[in-house]
Amino acid sequence: MKRIKVVHLITRLDFGGAQQNTLWTVGHLDPEKYEVVLACGKGGELDSEARENSKKGLYRVVFFSSLRREINPAADLAALFSLWAFLRKEKPDIVHTHSSKAGILGRLAARAAGICVLHTYHGFGFNDFQNPLVKKIYVFLERWCARLSQALIFVSRSNLNYALKNGIGPESKFYLIRSGVDFSRFPASVPDPTLIKKELGFEPGSQLVLSIGNLKPQKNPLDFISVAAKVASKIPWARFLFIGDGPLRNDVEKRARELGVFDKIRFPGWRKDAAEWISISDVFVLTSLWEGLPRALVEAMRSGIPPVAYETDGISDLIKDGENGFSVSPGDYERLADRIIDILENADLRWRLGQRAKESIGPEFDINGMVRAQEKLYLQLLGLVPP
């Protein structure tokens with residue numbers, strides 16, 4: 001039987017859950033049934049991984065210099081025509097788009113080329129913290145592109161409901177497919193946690209408070225520093241780690257110095273061994289203001305680390321306050337800090353929340369199950385299996 005040709009399109013391969021899950025998907029679609037092409041803009045931290053996998057024959061990767069994250073009318077128009085020409089030449093059976101810019105341009109190009117297209121919302125390009133006019137423009141574009149889509153995938157029920165609230169639909173096109181993680185890697189085995197703490201410059205008996213994410217406004221890392229300052233004032237042996245990088249790095253480091261916690265916190269950038277650092281942590285923290293379904297949170301919970309986070313979007317799908325972690329109102333960093341202190345001071349509470357967090361991450365979060373669910377949807381959209 002002829003293989004089904006699928007093009008996955010994403011704006012750029014930066015570090016992040018959407019990008020990592022897309023790379024996993026294109027690398028793990030059944031090679032006997034699917035011919036896979038990955039299309040994206042240039043300049044992401046994961047470009048080299050995509051190229052290596054392409055050399056191994058897992059998929060082909062094609063980079064578009066005009067496809068950029070920033071809004072640029074000339075470049076965006078060039079990207080639209082380039083994608084349209086590319087899809088006309090490739091003639092895929094299906095196009096699967098990810099991220100806001102690629103989602104809009106890719107769906108326009110695919111429909112203009114007469115190709116079946118679906119989109120995954122790993123979160124939205126609009127949020128309640130934006131200028132209302134800017135949000136209205138984004139919502140209008142998403143409503144328009146939703147009409148062009150054969151299916152719309154959401155990684156969290158909260159995002160699905162948010163789409164309904166904003167008139168992005170119809171619901172008959174909606175599918176819930178969780179953003180998965182590799183169950184074989186979490187929890188990671190760490191024979192001697194003191195070696196990692198030594199690498200960080202932390203004392204063997206210190207308690208570790210961890211966060212992972214881009215140093216961008218969405219992740220709100222400045223609140224993490226405020227939290228660290230309050231926790232450190234109550235628990236002097238607490239230490240803090242933020243894995244990730246981004247445009248707010250200088251601001252975050254400056255705030256840490258101003259609040260007197262710079263010597264108790266580390267910013268190692270992005271790490272491929274983050275699974276090991278998660279495993280030795282005592283608390284996992286997210287101060288995000290909006291989310292899809294944060295992959296790092298799923299990884300931490302799967303590892304049995306109690307989570308504390310702002311209750312927003314996909315986080316509310318995962319954390320049940322007081323049962324498998326704690327969630328507080330966005331922006332209430334003092335209460336967030338108090339919850340972290342409670343966990344660090346109470347070993348029984350820490351163990352109970354951690355165990356229940358681990359139990360919360362069931363088969364629907366398995367990354368291989370995520371790929372199989374996408375394959376099933378492709379076959380349904382192409383009329384090869386019944387819905």
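The values are calculated or read from the model by the stated rules, or taken from the named source; none is laboratory data. Here the structure is a predicted model, which is why all the values come from computation and not from measurement. Reconstructed Cβ throughout: ideal geometry from the backbone, glycine too, with neighbour counts over all protein chains shown. Keep in mind that these areas ignore ligands, DNA and RNA; they rest on the heavy atoms of the full protein, side chains included. Shrake-Rupley method; radii C 1.70, N 1.55, O 1.52, S 1.80 Å.
Numbers at a glance
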| quantity | calculated |
| --- | --- |
| Qualifying residue in region 273-288 (condition: among the charged types (D, E, K, R), surrounded by fewer than 19 Cβ atoms within 10 Å (Cβ to Cβ) and farther than 21 Å from Glu45 by Cβ) | no |
| Which numbered condition Val134 misses (of (1) part of a helix (DSSP H, G or I); (2) farther than 22 Å from Ser288 by Cα; (3) open to solvent by 40 Å² or more (accessible area, probe 1.4 Å)) | (2) |
| Residue within region 18-36 that is open to solvent by 10 Å² or more (accessible area, probe 1.4 Å), on the phi > 0 side of the Ramachandran plot and either in contact with a helix residue (DSSP H, G or I) (Cβ under 8 Å, 6 or more places away or on another chain) or outside any strand (DSSP E or B) (or both) present | no |
| Selection from region 304-322 of residues that are over 27 Å from Phe124 (Cα atoms) and surrounded by 23 or more Cβ atoms within 10 Å (Cβ to Cβ) | Ile305 |
| Region 292-303, subset of a type in the set (A, V, I, L, M, F, W, C) and either closer than 17 Å to Gly123 by Cβ or assigned to a loop (DSSP other than H, G, I, E, B) (or both), residue modelled with the lowest pLDDT | Leu293 |
| Residue check for Ser316: hydroxyl-bearing (Ser, Thr, Tyr) and assigned to a helix (DSSP H, G or I) | yes |
| Residue tally, condition modelled with pLDDT under 95 and farther than 28 Å from Asn220 by Cα, over region 148-170 | 2 |
| Single unsatisfied condition, Gly325 versus (1) over 19 Å from the mean Cα position of the chain (by Cα); (2) closer than 26 Å to Asn127 by Cβ; (3) open to solvent by 60 Å² or more (accessible area, probe 1.4 Å); (4) of a type outside the set (Asp, Glu) | (3) |
| Tally, over region 272-288, of residues that are out of contact with any Asp or Glu (no Cβ under 9 Å at 6 or more places or on another chain), assigned to a loop (DSSP other than H, G, I, E, B) and not basic (Lys, Arg) | 4 |
| In region 255-272, residue nearest to Leu195 (Cα to Cα) [restricted to those that are modelled with pLDDT of 95 or more and open to solvent by 70 Å² or more (accessible area, probe 1.4 Å)] | Asp263 |
| Subset tally (residues that are assigned to a helix (DSSP H, G or I) and open to solvent by less than 10 Å² (accessible area, probe 1.4 Å)) for region 106-125 | 4 |
| Every residue from region 337-372 that is in a helix (DSSP H, G or I), surrounded by 18 or more Cβ atoms within 10 Å (Cβ to Cβ) and within 21 Å of the chain's Cα centre (by Cα) | Ala357, Lys358, Ser360, Phe365, Ile367, Met370, Val371 |
| Selected residue (criterion: most open to solvent (accessible area, probe 1.4 Å)) from residues of region 71-105 that are part of a helix (DSSP H, G or I) and touching a helix residue (DSSP H, G or I) at 6+ places or on another chain (Cβ under 6 Å) | Trp84 |
